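Participant: Take a look at this one; I'll ask things after.
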Amino acid sequence: MAPEERADAARLLWGFERRFLAARALRSFPWQSLEEKLRDSSGSELLLDILQKTVKHPLCVKHPPSVKYSRSFLSELIRKHEAVHTEPLDELYQALAEVLTAEEPTHCHRSYLLPSGDSVTLCESTAIVSHGTTGLVTWNAALYLAEWAVENPAVFTHRTALELGSGAGLTGLAICKTCRPRAYVFSDCHSRVLEQLRGNVLLNGFSLEPSIDAWAQHPGPHTPEAERPRVAVAQLDWDTVTAPQLAAFQPDVILAADVLYGPETVLSLVGVLRKLSTCRKDQRAPDAYVAFTIRNPETCQLFTTELGRAGIPWEEVPRHNQKLFPYEEHSEMAILKLTL
Ligand SMILES: C[S@@+](CC[C@H](N)C(=O)[O-])C[C@H]1O[C@@H](n2cnc3c(N)ncnc32)[C@H](O)[C@@H]1O
């Protein structure tokens, strides 16, 4: 294979790998490029490579995606192969037979590859909304914020981050694995979300502080040389948490992704940001970064209006170009930096 062709094939494999690991919609896969390649060459070798980078990927074997997803993916791969070749490819059929007999659990896994070569794996619900919450799956703004964080590690290095509405935990885990924070406090209000979040922190090799109250009272010495951040998961409801409770975490930086999805949540969020603006560490209030998908411009407008009423200045963080994670190209996202 010529070097150019090899680079093309590697790009195609990477496209399949990162989308499959993150269980993205099948329509987002580079099927057309695959069809072209299958027509050009024998194709079987490429399909076997795709199989190894997806269904047979060590991360997927250890932490499988949903059975339905693997089944649909393999069926599509077989269709693509058979549209060009008359001989069936046994390996694809064997892989399909294995998933046809598997049972569908209520949870599945998604993995995200980091530029460091490491990855974040999350256990998530197979439904977008379940148990009355949106927090059991990863949303695009979490990926967008994680991407920005990975490109801007200095914002987090040796600092304490407090995340609001962490959901499944993608943003924080990517930061803990790549940005060397001193401590990271994940938080949410929903008990199922918190249970899954704790599981995801452990799944990614971090240990949890046993008691958030004890930790907040004794945040520990500053150890910039420590490689692993201290990690805690806190039950924190924006409507009921008090300013002293927030101050006890001693945050340097606040994060929140995809938490603007209706007037009520906007008002609650601005309420907690107002409380956070009274927290002082070394005379400084924490910086805050809020990432969101612009679904309804009126909701975004309400957010900035309420920030103005609360006396919280904000600026939009310039868009970053490097796309590390697979999310829909067309979804418009933004990050606001707030000066609390
Ligand atoms: C759409 S999910 C986003 C989860 C995650 N940040 C992401 O982007 O994947 C919104 C999260 O905010 C949490 N949330 C909503 N209202 C909250 C409140 N008043 N206090 C704390 N968390 C809240 C929900 O439980 C849910 O986990």
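The values are calculated or read from the model by the stated rules, or taken from the named source; none is laboratory data. Being a predicted model, the structure only gives us computed values, none of them experimental. As a convention, Cβ positions derive from the backbone with ideal geometry for all residues, glycine included, and neighbour counts pool all protein chains shown.
Participant: Collect the residues in the range 15-27 that are touching a residue at least 24 places away in the same chain (Cβ under 8 Å) and either more than 16 Å from the chain's Cα centre (by Cα) or outside any loop (DSSP other than H, G, I, E, B) (or both), keeping them in residue-number order.
Facilitator: Selection gives PHE16, GLU17, ARG18, ARG19, PHE20, LEU21, LEU26.
Participant: Just to be sure I understand, how many residues within the range 137-170 are within 11 Å of the ligand (Cβ to nearest atom), hydroxyl-bearing (Ser, Thr, Tyr) and closer than 24 Å to SER211 by Cβ?
Facilitator: Final tally of qualifying residues: 1.
Participant: State the number of residues belonging to the range 123-136 that are modelled with pLDDT of 75 or more, more than 10 Å from the ligand (Cβ to nearest atom) and in a loop (DSSP other than H, G, I, E, B).
Facilitator: 1
Participant: If you don't mind, there's one more thing I want to ask. Within the bounds of the range 155-174, is there any residue that is farther than 19 Å from GLN235 by Cβ and among the small types (Gly, Ala, Ser)?
Facilitator: The answer is yes; a qualifying residue exists.
Participant: Exactly one condition in (1) touching a helix residue (DSSP H, G or I) at 6+ places or on another chain (Cβ under 8 Å); (2) crowded, with 19+ Cβ neighbours inside 10 Å; (3) under 21 Å from THR171 (Cα atoms); (4) modelled with pLDDT of 95 or more is false for ASP252; which is it?
Facilitator: It fails just one condition, (1).
Participant: Let me ask another. Considering only the range 137-170, state which residues are under 15 Å from ILE254 (Cα atoms), in contact with a Phe, Trp or Tyr (Cβ under 9 Å, 6 or more places away or on another chain) and of a type in the set (Val, Ile, Thr).
Facilitator: Matches in the range 137-170: VAL155, THR160.
Participant: Can you pull out the residues in the range 199-213 that are outside any helix (DSSP H, G or I) and either of a type outside the set (Asp, Glu) or within 15 Å of the ligand (Cβ to nearest atom) (or both)?
Facilitator: Correct list: ASN204, GLY205, PHE206, SER207, LEU208, PRO210, SER211.
Participant: Additional query: Scan the strands (runs of 3 or more DSSP E) fully inside the range 226-340 and keep the ones with 3 or more residues being more than 18 Å from the chain's Cα centre (by Cα).
Facilitator: Passing ranges, in order: 230-235, 314-316, 333-339.
One line per residue, one yes/no per condition, for (1) surrounded by 15 or more Cβ atoms within 10 Å (Cβ to Cβ); (2) within 22 Å of TYR112 (Cα to Cα):
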| residue | (1), (2) |
| --- | --- |
| ARG11 | no, yes |
| PHE16 | yes, yes |
| PRO30 | yes, yes |
| LYS37 | yes, no |
| ASP49 | yes, yes |
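Participant: Here's another thing I want to ask about it. Have a look at LEU100, LEU136, LEU113, LEU162 and point out the one that is in contact with a strand residue (DSSP E or B) (Cβ under 7 Å, 6 or more places away or on another chain) and surrounded by fewer than 21 Cβ atoms within 10 Å (Cβ to Cβ).
Facilitator: After ruling out the rest, the residue left standing is LEU113.
Participant: Pull up the range 260-274, narrow it to residues that are within 8 Å of the ligand (Cβ to nearest atom) and without any contact (Cβ under 8 Å) to a residue 60 or more places away in the chain, then point me to the one that is nearest to GLY135 (Cα to Cα).
Facilitator: THR265
Participant: For the range 53-76, indicate whether the set of residues that are in contact (Cβ under 8 Å) with a residue 60 or more places away in the chain, under 23 Å from LYS177 (Cβ atoms) and surrounded by 13 or more Cβ atoms within 10 Å (Cβ to Cβ) is non-empty.
Facilitator: Checked against the condition, which is being in contact (Cβ under 8 Å) with a residue 60 or more places away in the chain, under 23 Å from LYS177 (Cβ atoms) and surrounded by 13 or more Cβ atoms within 10 Å (Cβ to Cβ), the range 53-76 yields at least one hit.
Participant: Tell me the residue from ALA102, ALA97, ALA83 that is more than 16 Å from the ligand (Cβ to nearest atom) and more than 30 Å from ASN200 (Cα to Cα), please.
Facilitator: Unique residue meeting the criteria: ALA83.
Participant: Residue by residue through the range 140-198, note down the ones that are in a loop (DSSP other than H, G, I, E, B) and among the aliphatic types (A, V, I, L, M).
Facilitator: Passing the criteria: only ALA168.
Participant: Exactly one condition in (1) more than 16 Å from the ligand (Cβ to nearest atom); (2) at pLDDT 90 or above; (3) farther than 22 Å from ARG198 by Cα is false for GLU225; which is it?
Facilitator: Unmet condition: (2).
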